[in-house]
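Taking it in order: structure first as structure tokens, then the write-up.
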Amino acid sequence: MTDDELIDKCLQGDQRAQKALFEKFSRKMMSVCMRYAPDREQAEDVLQDGFVKVFNHLATFKREGSFEGWIRRTMVNTSLDNLRKKRADVIDADISEAEYLAGSDEKVVGKMRVEELMKLIQDMPPGYRAVFNMYAIEGYSHQEIADELGVTESTSKTQFRKARTYLMNIIGERENI
């Protein structure tokens with residue numbers, strides 16, 4: 001069944017189509033949620049909340065772009081909403097953990113499995129994780145991140161730089177063990 005057919009049937013209230021839509025996109029969207037949530041349980045909650053929003057706002061999808069992209073954006077926004085609710089100070093998180101000097105060889109990242117790298121990203125302080133995910137993985141500009149998180153563009157750039165430094169230092173420490 002095509003995305004357009006799924007959308008049409010979901011809009012008609014077809015529960016089998018709703019289940020099919022969820023099954024088609026839930027694995028990919030769970031990986032999006034895992035990048036923002038501190039653990040699997042919270043990621044599952046965000047995934048469920050995100051799909052509730054998808055189904056509630058399905059009629060607003062204009063079918064001009066990628067349906068998967070629209071769902072992904074909904075999941076990212078739901079993840080960010082969750083971060084805001086859970087931690088009002090997400091961007092002002094304690095940064096003392098990441099005040100190391102960068103000194104790792106970036107080639108080390110190429111040796112890691114994707115799962116290992118995603119786990120390291122998930123373990124970052126929340127403020128770093130949000131900006132890192134939005135910029136490096138989702139492709140937001142620093143201005144878009146600033147607008148979305150209610151911070152300055154400079155803060156977004158600084159948080160990304162610190163997140164990158166933090167990540168490279170953790171990777172370097174793992175290589176030296």
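The values are calculated or read from the model by the stated rules, or taken from the named source; none is laboratory data. The shown structure was predicted, so the numbers you read here are calculated from the model rather than taken from an experiment. Cβ atoms come from the backbone with ideal geometry, glycine included; neighbour counts cover every protein chain shown.
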So for region 38-53 (the condition being out of contact with any Ser or Thr (no Cβ under 6 Å at 6 or more places or on another chain), among the acidic types (Asp, Glu) and assigned to a loop (DSSP other than H, G, I, E, B)), does at least one residue qualify? yes
Taking region 30-54 and keeping only residues that are under 21 Å from Lys19 (Cβ atoms), modelled with pLDDT under 95 and aromatic (Phe, Trp, Tyr), one is left with none
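Quick one: is Glu97 modelled with pLDDT under 85, surrounded by 14 or more Cβ atoms within 10 Å (Cβ to Cβ) and not aromatic (Phe, Trp, Tyr)? Talk me through it step by step, then tell me what you get.
Numbers: modelled with pLDDT under 85: yes; surrounded by 14 or more Cβ atoms within 10 Å (Cβ to Cβ): yes; not aromatic (Phe, Trp, Tyr): yes.
When the stated conditions are applied, Glu97 passes them.
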| query | in a helix (DSSP H, G or I), over 30 Å from Thr152 (Cβ atoms) and in contact with a Phe, Trp or Tyr (Cβ under 8 Å, 6 or more places away or on another chain) - does that describe any residue in region 73-89? | reply | no
Q.
One residue is enough: does region 59-68 have a residue meeting the conditions touching a Leu at 6+ places or on another chain (Cβ under 7 Å), more than 27 Å from Leu149 (Cβ to Cβ) and either surrounded by fewer than 17 Cβ atoms within 10 Å (Cβ to Cβ) or not hydroxyl-bearing (Ser, Thr, Tyr) (or both)?
A. yes
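Which residue, of Tyr135, Tyr140, is assigned to a loop (DSSP other than H, G, I, E, B), within 15 Å of Val76 (Cα to Cα) and either touching a helix residue (DSSP H, G or I) at 6+ places or on another chain (Cβ under 8 Å) or among the hydrophobic types (A, V, I, L, M, F, W, C) (or both)?
Details: Tyr135 fails: assigned to a loop (DSSP other than H, G, I, E, B).
Being assigned to a loop (DSSP other than H, G, I, E, B), within 15 Å of Val76 (Cα to Cα) and either touching a helix residue (DSSP H, G or I) at 6+ places or on another chain (Cβ under 8 Å) or among the hydrophobic types (A, V, I, L, M, F, W, C) (or both) holds for just one of Tyr135, Tyr140, which is Tyr140.
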Of (1) of a type in the set (S, T, N, Q); (2) buried (at least 19 other Cβ atoms within 10 Å of the Cβ); (3) modelled with pLDDT of 90 or more, Thr152 fails just (2)
